[in-house]
Amino acid sequence: MGRIINFRDLLGLIKDKASLSKAALLSNPNALSIRLAVLRATTHTPRAPPDDHHISALLLLGESSRATASPIITALMDRLHRTGNSVVALKCLLIIHHIIKRGPFILQDQLSIYPASGGYNYLKLSAFRDGATATTWALSSWVRWYGRYLETLLSISRVLGYLPCSSSCSMVKENQEHRISSFLNLDLIKDIDSIVTLIEEICNVPDSLAREGDMLVKEIMGLLLNDYVSSVNEILLRLGEINERGLAEFRGLDRARLCVEEITRLSRKAVGSVLGKEKLR
């Protein structure tokens, strides 16, 4: 748990206690466990990322059925859209990222169709601002960017037919080379363009909060590093197929190569951040 350092942090702790008490009093028995799990994973505690056991408890709830998974996503989105606190918003987004990476399929499916209309900016964070302090103002840029990044990731999954950075899609990935060999050239172009878009979004990560000691940001950077590795592997698989087909002229190649070079710079910085050996700059 992060250390309470000022009045705003103390107020956040009080809000967390009040929210837990309100959920216990007003929620029906079926919804209570879901609301409490979301609240415990998205506290106002500054700097510290959600405890892993709280994340795991939330993911475990989503394994049972669609009837349970849907209220989890609704409660998480409600928490995200109601808060004006940048720490709480970042934690909500971090939970969404964990659902994408290691959540059960039912939970991922409910996330991918929320809301029913889908579309651009469906997380609705492009105008998020928390001007309480200079730090929360800087964190706000992370909230806006992180929301846009996750929207891009979910959008790409609709093109590829699976979540490229998810460990839950291992069965699909095991047969990747065989699947890709059956793709049309246009399919390969579309896939590469989509994945490159994700890598370009990673390159837009804000620099304004690149400071030592912020474990919440370091947790995000660790997930981004894993996403980067998965994305580059996805591109290399398709480039390998293009090479085998002897396609000398391919309009997606130059863009993909340039983007891989650009993301290498970010990955070095991300590794340094995750290991705590280098200050991001």
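Any idea of L60's accessible area? Nearest 10 Å², probe 1.4 Å.
Per-residue accessible area (L60): approximately 110 Å².
Could the peptides 179-187, 192-200 be put in order, highest first, of the mean number of other beta-carbon atoms found within 10 Å of their residues? Display every interim value, and only then the final one.
Numbers: 179-187: 11.6, 192-200: 19.8.
Ranked from most to least packed, the peptides come out as 192-200, 179-187.
Beyond 21 Å between alpha-carbons counts as too far, so tell me which of K91/K124; K91/K190; K101/K218 fall in that bin. All intermediate terms of the calculation are to be shown ahead of the outcome.
Numbers: K91/K124 16 Å; K91/K190 32 Å; K101/K218 17 Å.
Listed pairs above 21 Å: K91/K190.
Count the net charge of all other residues whose Cβ sits under 14 Å from the Cβ of S112, scoring Lys and Arg as +1 and Asp and Glu as -1.
+1
Give the ranking of R102, R79 by solvent-accessible surface, highest area first, calculated with a 1.4 Å probe. Walk me through the intermediate numbers first.
Numbers: R102 90, R79 35 Å².
Descending accessible area places them as R102, R79.
How far is it, in nm, from the label point at R82 to the one at I113 when both lie 7 Å from their Cα along the line to the Cβ?
Going by the 7 Å Cα→Cβ label model, 2.5 nm.
Ordering H53, H178, H97, H81 by accessible area with a probe of 1.4 Å, largest first, what comes out? Provide the component values of the computation, followed by the final result.
Values: H53 115, H178 140, H97 0, H81 75 Å².
Listed by decreasing accessible area, they come as H178, H53, H81, H97.
Which whole-number percent is the relative contact order of the range 35-157 (Cα, under 8 Å, 6+ apart)? Don't jump to the answer; show the numbers that get you there.
Details: 132 pairs, mean separation 31.6, N = 123.
Once normalised by length, the contact order is 26 percent.
The values are calculated or read from the model by the stated rules, or taken from the named source; none is laboratory data. Nothing here was measured: the structure is a model prediction, and the numbers come from that model. All Cβ positions, even for glycine, are placed from backbone atoms using ideal geometry, and neighbour counts span all protein chains on display. Ligands, DNA and RNA are excluded from the accessible area calculation, which covers all protein heavy atoms including side chains. Shrake-Rupley method; radii C 1.70, N 1.55, O 1.52, S 1.80 Å.
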